[in-house]
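Reading through the structure tokens given below for one structure.
The values are calculated or read from the model by the stated rules, or taken from the named source; none is laboratory data. Bear in mind the structure is a predicted one, so any value in this text is a computation, not a measurement. All Cβ positions, glycine included, derive from the backbone under ideal geometry; neighbour counts span all protein chains shown.
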Amino acid sequence: MKIDRLETWVLEAEGQAIEFGAGNYSTFKAMVVAVTTDDGITGWGECIARRAPKVLDTVVRELLWPVVKGRDPHDVEGLWDEMFTLLRPWGHYRGFVQEGMSGIDQALWDILAQAQGIPLYKALGGAGRASVPVYGSKVYTADPAAMATQAKDKVDGGHAAIKIQLGRSAARDGYRGDIAVTKAIREAVGPNVDIGADVNSAYDAATAIKVCHELAQYDLAFIEEPVYPDDIDGYELIRRSQPIPVAAGESEFGIFGFRELLKRRAIDIVQPDVARIGGFTAAKRLGALVHAHNVKYAPHTGFSCGLAQLASLHLAAAVPNLWRLEEMFIMNPLAEIFTEPLPKSKDGMLALPTNPGMGLTVDRKKLEKYRVS
Ligand SMILES: [Mg+2]
């Protein structure tokens with residue numbers, strides 16, 4: 001079997017207008033990769049693209065494709081190392097390169113699973129889970145009463161765990177706004193729901209420590225990205241200075257940043273994005289680190305299109321120490337790009353597709369509809 005053909009799509013679509021820790025967002029973007037073998041198997045993958053998705057198209061076509069073209073997809077881990085080594089000596093070992101690698105790597109694993117006639121999570125050496133626990137994400141910034149109502153609706157709809165947005169209300173009202181929001185939501189959902197809070201790096205370490213001491217009374221499952229991802233000293237200080245578990249990882253590439261965070265015991269919940277970390281190969285390697293450090297694994301999905309959401313579901317079914325998968329409930333038109341709906345959770349559990357590979361069929365007409373020319 002040889003890797004033979006590449007197709008790419010740069011996608012954009014207007015969706016729900018969101019106010020979150022890092023600012024405002026309403027145009028959803030993604031870069032989608034399809035790789036076809038000489039015997040006609042097509043595998044799919046997604047590269048995360050919050051801005052400038054055309055950059056990824058160039059990275060995949062001009063830089064990474066020449067590495068994998070004509071090669072055997074069974075060598076997927078070695079191909080990952082070759083792609084990574086290409087620019088590592090030149091300093092490009094993070095950013096768009098790893099995001100581009102993520103799409104190709106997902107597509108290669110999809111091919112391998114289809115060739116074996118088994119679901120992708122089983123090809124990853126699955127952990128034997130046919131369904132995974134999820135948390136509903138995310139209750140975005142609005143006035144506290146509206147946020148509490150939405151959180152209650154999601155819990156009434158079957159979620160046992162949810163994630164809420166902080167940080168933005170701090171920008172509006174000072175950090176007391178975040179405390180008021182958390183209080184209102186805890187009172188609305190009752191004591192038996194896991195609540196995680198995402199700050200999207202809106203605090204500095206001193207603010208995070210002060211706020212977390214006040215938030216601890218509302219029994220949060222985690223505080224996510226309290227400070228910028230590169231402030232590793234900040235993460236370590238926050239972890240040592242307040243009682244709420246710390247989560248991060250959606251902004252991290254490869255396994256090297258995670259290694260530092262884990263070595264310093266700076267995070268408790270690891271949240272890689274399969275469309276950024278370097279695909280399944282990197283996410284699986286991270287699983288070994290998570291296992292060794294005895295922390296929790298919770299794949300991130302966020303604003304990505306349906307492919308990364310689906311790939312994250314397979315990843316969640318195959319990693320050690322799984323806490324929960326992030327299941328988005330926002331209005332994102334790029335989520336539904338298959339001929340059938342993306343799987344939805346029931347009573348807090350999300351069942352894996354049973355067809356070979358990713359398990360859903362990409363609808364090329366939908367891709368064309370959102371394609372940026
Ligand atoms: Mg986040």
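What do you reckon, is GLY306 within 30 Å of GLY40 (Cα to Cα) and either within 16 Å of the ligand (Cβ to nearest atom) or crowded, with 24+ Cβ neighbours inside 10 Å (or both)? Even if it seems obvious, please write down each step before you answer.
Values: within 30 Å of GLY40 (Cα to Cα): yes; either within 16 Å of the ligand (Cβ to nearest atom) or crowded, with 24+ Cβ neighbours inside 10 Å (or both): yes.
So GLY306 fits the description; yes.
Can you tell me which residues in segment 30-68 are of a type in the set (D, E, K, R) and touching a Lys or Arg at 6+ places or on another chain (Cβ under 9 Å)?
Filtering segment 30-68 for residues of a type in the set (D, E, K, R) gives 38-39, 46, 50-51, 54, 57, 61-62.
Of everything in segment 30-68, those that are of a type in the set (D, E, K, R) and touching a Lys or Arg at 6+ places or on another chain (Cβ under 9 Å) turn out to be ASP38, ASP39, ARG50, ARG51.
Looking only at residues in segment 125-146 that are of a type outside the set (A, V, I, L, M) and within 16 Å of the ligand (Cβ to nearest atom), which one is surrounded by the fewest Cβ atoms within 10 Å (Cβ to Cβ)?
This residue is TYR140.
Kindly indicate whether any position in segment 80-97 is within 30 Å of THR141 (Cα to Cα) and either under 20 Å from the mean Cα position of the chain (by Cα) or surrounded by 24 or more Cβ atoms within 10 Å (Cβ to Cβ) (or both). Walk me through how you get there before you give the answer.
Quick first cut of segment 80-97, residues within 30 Å of THR141 (Cα to Cα) only: 95-96.
Filter once more, so that each one left must be either under 20 Å from the mean Cα position of the chain (by Cα) or surrounded by 24 or more Cβ atoms within 10 Å (Cβ to Cβ) (or both): 95-96.
Within segment 80-97 (the criterion being within 30 Å of THR141 (Cα to Cα) and either under 20 Å from the mean Cα position of the chain (by Cα) or surrounded by 24 or more Cβ atoms within 10 Å (Cβ to Cβ) (or both)), the answer is yes, since at least one residue qualifies.
Got a number for residues in segment 49-63 being buried (at least 19 other Cβ atoms within 10 Å of the Cβ) and closer than 15 Å to THR36 by Cα? Before the answer, list the steps.
Quick first cut of segment 49-63, residues buried (at least 19 other Cβ atoms within 10 Å of the Cβ) only: 49, 53, 56-57, 59-60.
Adding the requirement that they be closer than 15 Å to THR36 by Cα leaves 60.
Qualifying residue count, segment 49-63: 1.
So for segment 22-36 (the condition being of a type in the set (D, E, K, R), farther than 30 Å from ASP204 by Cα, surrounded by 16 or more Cβ atoms within 10 Å (Cβ to Cβ) and not assigned by TED's automatic domain parsing to the domain that holds PRO144), does at least one residue qualify? Lay out the reasoning, then the answer.
So in segment 22-36, the residues of a type in the set (D, E, K, R) come out as 29.
Subset that is farther than 30 Å from ASP204 by Cα: none.
No - not one qualifying residue is present in segment 22-36.
Do you know which residues across segment 73-95 are among the aromatic types (Phe, Trp, Tyr), in contact with a helix residue (DSSP H, G or I) (Cβ under 9 Å, 6 or more places away or on another chain) and at pLDDT below 95?
Of the residues in segment 73-95, the ones among the aromatic types (Phe, Trp, Tyr) are 80, 84, 90, 93.
Then drop every residue that is not in contact with a helix residue (DSSP H, G or I) (Cβ under 9 Å, 6 or more places away or on another chain), which leaves 80, 84, 93.
TYR93, the sole residue that qualifies.
Would you mind listing the helices (runs of 4 or more DSSP H) fully within segment 38-130 where at least 2 residues are more than 21 Å from LEU334 (Cα to Cα) and among the aliphatic types (A, V, I, L, M)?
Working: elements: 53-58, 65-68, 76-87, 96-116, 120-123.
Answer list for segment 38-130: 65-68, 76-87, 96-116, 120-123.
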